[in-house]
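Trainee: Pasting a structure here, questions to come.
The values are calculated or read from the model by the stated rules, or taken from the named source; none is laboratory data. All of these numbers come straight from a predicted model, not from anything done at the bench. In this analysis, Cβ positions are derived from the backbone assuming ideal geometry, glycine residues included, and neighbour counts consider all displayed protein chains.
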Number of protein chains: 2
Amino acid sequence: MTTRPIRHREKRALASEIAQAIHMRAYRPGEWLRQIDLEEAFKATRFDVRSALDELAVRKTIEHVPNRGYRVAEIDLKTQRAIRDTRIILETAAAPGIVAGIDAATIARLSELADRFSQAVLSGTRIEQSEINSAFHHLMYAVCGNSVLEETIWGLRDRSRGSSVTVWSSHQALLNSDRDHHAMIEALRAGDATRLSGLIAHHIVKDMLETEARAQPSTETSQSRGNEVSDEV
Amino acid sequence: MTTRPIRHREKRALASEIAQAIHMRAYRPGEWLRQIDLEEAFKATRFDVRSALDELAVRKTIEHVPNRGYRVAEIDLKTQRAIRDTRIILETAAAPGIVAGIDAATIARLSELADRFSQAVLSGTRIEQSEINSAFHHLMYAVCGNSVLEETIWGLRDRSRGSSVTVWSSHQALLNSDRDHHAMIEALRAGDATRLSGLIAHHIVKDMLETEARAQPSTETSQSRGNEVSDEV
DNA sequence: GGCGTAATAATTGGCGCCAATTATGTTGCA
DNA sequence: TGCAACATAATTGGCGCCAATTATTACGCC
């Protein structure tokens, strides 16, 4: 192993790592992402950092201001609603494909994930909750038989999570999400695409209403102020 | 003006320029995009070329193979159908918003574009046809009231056009497209979202069936062979 | 004569340097 | 004392060089 930061193959992965850090709210909306900081935090070269930043800018996870830098995108309410509506369109449309493409083994795995989520609601970090939730939906949309639809859904999910708190704002929201997951599995077992579709729409609306409720103050601090995140990392 | 290739501001635009070149079939699916060639063809620096290429790779317009380079994505039939289905989901879902958000002035402009397209069908280059067609749909989806939906639709359209010939394969397909445009305007005038939705679905299916019909041979030529494009530039 | 192998040529891609730009702190003036 | 302009510091971003990898050609061997 050489002294250089990280191996070549992981270059692409850096964008994902930074994206995940943003999802975990290590960097908050409106905050500037200084290249030097990232360079150090992720033990990467400046070039790799910039590549990753560019990629995230294309994906609209972050925003690029020439000669100023990159910052976590602050999504206004209008865009927030637009993302929500588009997500509903796509994710409900995936329901028939999911019902058609699902098999017993996958239902079993989904059920296991739903149970793990139930447990994480009681005793688990937000990161665990978020990851299990992602895994659940990922697995579900993976069987819809349309890879492009799947990618598009995921792109939109990432984008909305990038900025706003979707790591549930209230305990009630968490419980609702949990209940929805089990209800979805029920619908899958019954082969009821219409019901699944309705549940998905409800799921999205509930989640994002919670998010909207908490108006996001425009944190126009030009300097990043270390780790002020009050949540656990 | 300095001697340097191109001004700073146009850096972002280079990706679009290359994308357009691909749409116009200056580079064919499977063909390798050599950095040196692009550097010269677009009078840009190597760095800018690579940035643009990276961006297009993220957008899935082109494909990146490490240590081999970038090439125009060859879309297999399965992906082609996936894109088509997803487009139908999104574009039909936009219909209600379009009907709700349209005004007389926009209808007039759409009508003008539809007329221009009719004319271009008779006497116009493929590029003109393609551009007018783009303008028509762009304008239509722009009034749907959901900017994210609009972007997503456009991303998918670009992706499907990047690889396959959607500059209509047959004259009949052109005539069909033309007829559809006018029918859409009719539906808009009547404020009939359901009819518009149906027309859009029909429009997409027809277009992409034409495309599918012509199986694309896997052009695995490692060397680009100058300008073999038989079409007018 | 065909095939495996080594040398050569061409292309990609990682990386650091420095100029351009912007933010910050300080000084002078009204 | 408040404001404006200047000087200084920090950050971004353009760009070219060269190493690493791969394709191509030529050679020798079976």
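Trainee: Residues of the stretch A:1-42 being among the charged types (D, E, K, R), at pLDDT below 90 and under 18 Å from A:Glu55 (Cα atoms), which ones?
Mentor: Listed by number, the residues that qualify are A:Arg9, A:Glu10, A:Lys11, A:Arg12.
Trainee: Something else about it: So B:Lys78 clears everything in (1) of a type outside the set (Phe, Trp, Tyr); (2) more than 16 Å from DNA strand C (Cβ to nearest atom); (3) within 16 Å of the chain's Cα centre (by Cα); (4) part of a helix (DSSP H, G or I) except one condition, right? Which one?
Mentor: (3)
Trainee: If we keep just the residues of the stretch A:47-94 that are within 10 Å of another protein chain (Cβ to nearest Cβ) and of a type in the set (Lys, Arg), which is nearest to DNA strand D (Cβ to nearest atom)?
Mentor: Selected residue: A:Arg50.
Trainee: Just checking, which of A:Ala105, A:Ala21, A:Ala44, A:Ala15 is away from every other protein chain (no Cβ under 14 Å), within 16 Å of DNA strand D (Cβ to nearest atom) and within 29 Å of A:Val143 (Cα to Cα)?
Mentor: On inspection, the qualifying residue turns out to be A:Ala21.
Trainee: Hey, can you tell me all the residues within the stretch A:24-39 that are more than 11 Å from DNA strand D (Cβ to nearest atom) and either among the hydrophobic types (A, V, I, L, M, F, W, C) or part of a helix (DSSP H, G or I) (or both)?
Mentor: A:Met24, A:Ala26 - these are the residues of the stretch A:24-39 that are more than 11 Å from DNA strand D (Cβ to nearest atom) and either among the hydrophobic types (A, V, I, L, M, F, W, C) or part of a helix (DSSP H, G or I) (or both).
Trainee: State whether the residues of the stretch B:125-143 include one that is at pLDDT 95 or above, facing another protein chain (nearest Cβ under 9 Å) and surrounded by 16 or more Cβ atoms within 10 Å (Cβ to Cβ).
Mentor: No: the stretch B:125-143 contains no residue that is at pLDDT 95 or above, facing another protein chain (nearest Cβ under 9 Å) and surrounded by 16 or more Cβ atoms within 10 Å (Cβ to Cβ).
Trainee: Kindly indicate whether any position in the stretch B:49-57 is more than 15 Å from DNA strand C (Cβ to nearest atom), farther than 30 Å from B:Ser197 by Cα, touching a strand residue (DSSP E or B) at 6+ places or on another chain (Cβ under 7 Å) and not hydroxyl-bearing (Ser, Thr, Tyr).
Mentor: no
Trainee: Filter the stretch B:68-111 for residues that are in contact with a strand residue (DSSP E or B) (Cβ under 9 Å, 6 or more places away or on another chain) and either surrounded by fewer than 18 Cβ atoms within 10 Å (Cβ to Cβ) or not small (Gly, Ala, Ser) (or both) and give the result.
Mentor: Within the stretch B:68-111, B:Arg68, B:Gly69, B:Tyr70, B:Arg71, B:Val72, B:Glu74 qualify.
Trainee: Which condition number in (1) more than 16 Å from DNA strand C (Cβ to nearest atom); (2) of a type in the set (D, E, K, R); (3) not in a helix (DSSP H, G or I) is the one that A:Asp85 fails?
Mentor: That leaves (3) as the condition not met.
Trainee: Any residue at all in the stretch B:148-162 that is surrounded by fewer than 18 Cβ atoms within 10 Å (Cβ to Cβ) and away from chain A (no Cβ under 14 Å)?
Mentor: no
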